[in-house]
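What follows is a short report on a single structure.
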Amino acid sequence: MDEHKWSHAFKLDPDKYISDEDLERICESGSDGIIVGGSSGVTFDNTIDLLGRIRRYAIPCVLEVSNREAIVPGFDHYYIPFVLNAQNPEWIIEPHVQAVKELGTIIPWQDVSLVGYCVLNPKATVARMTDSRTSLDAEDVIAYGRFAQHLLHCSYFYIEYSGTFGDMDLVRHAYQSFKKDGDMHILYGGGIKYPDQVQQAVTVSDTVVVGNIIYEDIRAAIQTVKEVKTT
């Protein structure tokens, strides 16, 4: 599995209800993959339950590791979120170190990627939990991205607006700078509901991540796949 080839991904939250019918539509939609993760309420039980349901289908599935209690074996790959603009040090390195301390001997390192996150919606749960510095301009985001790429050697950089549609001018400026620098893969997530938003997001990222709309309007969510693939 090569997530660098993904142009569209759905993000499913283990703490949110999705019917078997809607899950089938997501998994058979033509999306490149599913990211499983959430900012709160994610447990081992609800994560393994969701994975088991997804495994009825052939779609690749990645776990975004939000807490060590919810680490479930059997995913195709694991994203370790590194919130670069977090101001609470407990959310920068300490959770990762504790996870490695407890699970280091059994972690399939070849299936793990450190992902640099830049959280830009101050109202998002993840922003509040990590005390993220969200009042950033494009040059700030570029600096975080370069730090992630060149010092942390991240292959992925996630521009996360989580729940609201982002400032596309800011994201575009950052994306264009990243592409001049090298081949770091850029993911965008946040507030995508309408075709014009999908079309904008496609031009400023390598992978468009669609999440909340799944639980609000499944038809609109499925339509985002077509919009990404044809833009």
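Loop-only GluC sites (Glu not before Pro) in the range 4-36, please: DSSP not H, G, I, E or B, and at most 14 other Cβ atoms within 10 Å.
Numbers: sites: Glu21, Glu24, Glu28; in loops: Glu28.
Here the sparse-neighbourhood loop sites are Glu28.
Calculate, for the range 1-95, the solvent-accessible area per residue in square angstrom, rolling a 1.4 angstrom probe over the heavy atoms of the protein chains.
On the way: 4310 Å² over 95 residues.
On a per-residue basis, 45 Å².
So if I place +1 on the C-beta of Lys and Arg and -1 on the C-beta of Asp and Glu, and nothing else carries charge, what would the dipole magnitude of the range 128-231 be about its Cα centre? I want it in debye, nearest 20. Each step should come with its number before you reach the end.
Values: 10 positive and 14 negative charges, 52 e Å.
Dipole magnitude for the range 128-231 comes out near 240 debye.
Please work out which option in (1) 20.4; (2) 17.7; (3) 19.4 gives Kirkwood radius over Cα pairs in Å calculated from these coordinates, and answer with its label.
Label (2) holds the value from this structure.
Amide H to amide H, which residues 5 or more places from Val62 or on other chains are under 5 Å from it, using H placed in the peptide plane?
Residues meeting the amide H criterion: Ile34, Ile35, Val36.
As I understand it, the dipole of the range 77-180 uses +1 on the Cβ of Lys and Arg and -1 on the Cβ of Asp and Glu, about the Cα centre. Which of Phe157, Ser132, Gln98 lies farthest toward its positive end?
Of the options given, the answer is Phe157.
Work out the length of the dipole vector of the chain about its Cα centre, built from +1 on the beta-carbon of each Lys and Arg and -1 on the beta-carbon of each Asp and Glu, and round it to the nearest 20 debye.
Values: 20 positive and 33 negative charges, 47 e Å.
I would put it at about 220 debye.
Counting DSSP beta bridges with both partners in the chain, what percentage is antiparallel, nearest 5?
5
Looking at the range 100-136, which trypsin sites (Lys or Arg not before Pro) are in a loop (DSSP not H, G, I, E or B) and have at most 15 other Cβ atoms within 10 Å?
Lys123
From largest accessible area down, sort Trp109, Trp6; use a 1.4 Å probe on the protein chains.
On the way: Trp109 135, Trp6 15 Å².
I get Trp109, Trp6, largest accessible area first.
Keeping the other protein chains in place, figure out the carbon and sulfur percent of the accessible area of the chain, with a 1.4 Å probe. Kindly include the intermediate steps, with their values, before the conclusion.
Working: 5350 of 10810 Å².
Using a 1.4 Å probe with all protein chains present, the chain comes out at 49 percent carbon and sulfur.
In the range 18-88, what chymotrypsin sites (Phe, Trp or Tyr not before Pro) fall in a loop by DSSP, with at most 16 other Cβ atoms inside 10 Å?
Working: sites: Phe44, Tyr57, Phe75, Tyr78, Tyr79, Phe82; in loops: Tyr57, Phe75.
Counting only loop positions with at most 16 other Cβ atoms within 10 Å, the chymotrypsin sites (Phe, Trp or Tyr not before Pro) in the range 18-88 are Tyr57.
For Lys16, tell me the accessible area in Å² from a 1.4 Å probe, rounded to the nearest 10.
Number for this one is 90 Å².
The values are calculated or read from the model by the stated rules, or taken from the named source; none is laboratory data. Here the structure is a predicted model, which is why all the values come from computation and not from measurement. Reconstructed Cβ throughout: ideal geometry from the backbone, glycine too, with neighbour counts over all protein chains shown. Accessible surface areas use protein heavy atoms only, side chains included; no ligands, DNA or RNA. Shrake-Rupley method; radii C 1.70, N 1.55, O 1.52, S 1.80 Å.
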